[in-house]
Amino acid sequence: MIKGLMASAALALAALPGVVAAQEGEKLDCVTASVPADTKDSIGEAMAGGGDETSREALFKNLAAVTDSCVAAHGITAEQKGIYFDYSLARISREWLGADIGKLNLSPTVVDKALDFGPTGANPDLSGDMTEDQIMKIVQAYIDAGVDIEKIDGSVWEKVGAYAAATSIYWNKRKLLAP
């Protein structure tokens, strides 16, 4: 009987990280799963410079309402609410911008590798302006990937820069939300 209880306890403890990871995934996915695709498109376009101030304000109010609902559903603290909103906005923007530049045959993975973004990456803070060195790393990475950078329009480079900024915010805010 004691062996049975010990085995049950061991199994429960072994399963705990999986349960925690699933709950953490639900928390991180809540906003993006709750926002309709057309709203995500509008947010992405707004973060790429589209729309006017009034429409952007309405989008952000809508996103804030969804975020508030997810904050309540997942027990996110008041101190983390702003971080969670920034993470969610960056995630939606990153996904939209990544898909958009991907349609132009520019892989967002090139940017991720050039600036060392990812769960174990350096994830440089690009919440301000990018440095000349960071810009050149991206340009060189695309050259190395076989892209003729002379054929890339300035508006496309702006989206690549916006993708890099959103990715920076995404990874850095995600780390702050870790359990």
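A short reminder: the numbers here are calculations on the coordinates, not readings from a lab. On a predicted model such as this, the values are computed, not experimentally measured, just so you know. Cβ sites come from the backbone with ideal geometry, for glycine too, and all protein chains shown count toward neighbours.
Summing charges over all other residues whose Cβ lies under 15 Å from the Cβ of ASP52, with Lys and Arg as +1 and Asp and Glu as -1, gives -1. Annotation: lysines with alpha-carbon distance below 25 angstrom to LYS81 (same-chain offsets under eight excluded): LYS27, LYS40, LYS61, LYS173, LYS175.
Obtain the nm distance between the two label points defined at ASP29 and LEU104 by a simple spin-label model: each point lies 7 Å from its Cα along the Cα-to-C-beta direction. The modelled label-to-label distance comes out at 3.1 nm. Sequence-ordered 3J(HN,Hα) estimates for the range 144-160 from the Karplus curve with 6.51, -1.76 and 1.60 and θ = phi - 60° stand at 4, 7, x, 7, 7, 5, 5, 8, 8, 5, x, 5, 6, 4, 5, 5, 4 Hz, glycine and proline given as x. The long axis of helix 37-47 is offset from the longest Cα principal axis of the chain by roughly 50 degrees. Tally Lys and Arg at +1 and Asp and Glu at -1 over the other residues with C-beta under 13 Å from the C-beta of LYS137: what net charge comes out? Its environment carries a net charge of -4.
How tilted is helix 78-103 with respect to the longest principal axis of the chain? Cα atoms for both, answer in degrees (0 to 90, nearest 10). Once rounded, the angle reads 50 degrees. Which label belongs to the value computed from this structure, given these candidates for Rg/Rh (Cα atoms, Kirkwood Rh): [x] 1.41; [y] 1.09; [z] 0.94? Checked against the structure: label [y]. In straight-distance terms, cross-link reach from LYS151 covers every one of the aspartates and glutamates whose alpha-carbon lies under 20 Å from its own, apart from those fewer than eight places away in the same chain; here that gives ASP100. For the peptides 79-91, 124-136, residues were scored by their other Cβ atoms within 10 Å and the scores averaged per peptide; the highest-first order is 79-91, 124-136.
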